[in-house]
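Visitor: First the structure, then my questions, so here it is.
A short reminder: the numbers here are calculations on the coordinates, not readings from a lab. What you see is a predicted model, and the numbers here were worked out from it, not measured in a lab. Backbone-built Cβ (ideal geometry, glycine too); neighbour counts: all protein chains shown.
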Amino acid sequence: MRTDIAISVQHAAFDAGAELNRFHAGRTDMGGIALFSGLVRDLNLGKQVGGLFLEHYPGMTERALEEICQQAAARWPLLAIRLIHRHGALLPGEPIVLVLVAAAHRGEAFDACAFIMDVLKTEAPFWKRETTPTGERWVESRDSDLAAARRWQHTGLPSEGSDD
């Protein structure tokens, strides 16, 4: 099975609803679509956050995201994946990442969407710098993010034959 994969790394904001509508337009084979939309928080590690700046390496970042999506497509029978990740200066409340995953059944879509986000948080080459009332600070990897990504190393494929 071939999975349609579309990836964008962009500064511009996106509209999750419009992206969802484009994602499934004209498709009748999609039984389930899982969507994750991440937003910039105004509080992190107990401090107010006034803004976030994301740096990345063009080309390298897209290849890493493509590899993560290919890994998901190899694990689950997916129909399509749409991944958007923003870079540059962002304010609290703004969208930062969108993952859309379509499959014939909801379980595969849910699992693959979670996998993509968990692995993206630890393997995608983005560097985040927050602006707080006491100055700027780099956002370090969290143990919880590493644990979430590790759980997929030992998780088998979801059960086959679900009709939902």
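Visitor: Counting alpha carbon pairs within less than 8 Å and at least 6 residues apart, what relative contact order, in whole percent, applies to region 4-153?
Guide: Taking the mean separation of contacting Cα pairs over the length of region 4-153, I get 33 percent.
Visitor: Averaging sequence separations of C-alpha pairs under 8 Å and six or more residues apart, then dividing by the length of region 80-132, give the relative contact order as a whole percent.
Guide: About 27 percent, as a whole number.
Visitor: Sticking with this structure for a sec: Assuming a ≥ b ≥ c are the square roots of the Cα gyration tensor eigenvalues, decide whether region 45-90 counts as rounded (a/c under 1.5), prolate (otherwise, with a/b larger than b/c) or oblate.
Guide: Prolate, because a/c is 1.5 or more and a/b exceeds b/c.
Visitor: Positive end of the charge dipole of the chain (Lys, Arg +1 and Asp, Glu -1 on Cβ, about the Cα centre): tell me which of Ala12, Val49, His24 has its Cα farthest that way.
Guide: Val49
Visitor: Rg and Dmax in Å for the chain, alpha carbons only: what are they?
Guide: 16.4, 54
Visitor: How much net charge surrounds Ala73 when only other residues with a Cβ under 11 Å from its Cβ are counted (Lys, Arg +1; Asp, Glu -1)?
Guide: Charge balance near Ala73 sits at -2.
Visitor: Turning to a different aspect of this structure: With 10 angstrom as the radius, rank Met117, Met1 by how many other C-beta atoms surround their C-beta, starting from the fewest.
Guide: Met1, Met117
Visitor: Given only helices, namely DSSP H runs of n ≥ 4 each adding -39500 (n - 2.57), what is the per-residue ellipticity at 222 nm of the chain, to the nearest 500 deg cm²/dmol?
Guide: So the calculated ellipticity at 222 nm is -10000 deg cm²/dmol.
Visitor: Most mobile of Ala12, Ala149, Ala109 per a Gaussian network model of the chain (Cα springs, under 10 Å)?
Guide: Between Ala12, Ala149, Ala109, it is Ala12 that shows the largest mean-square fluctuation.
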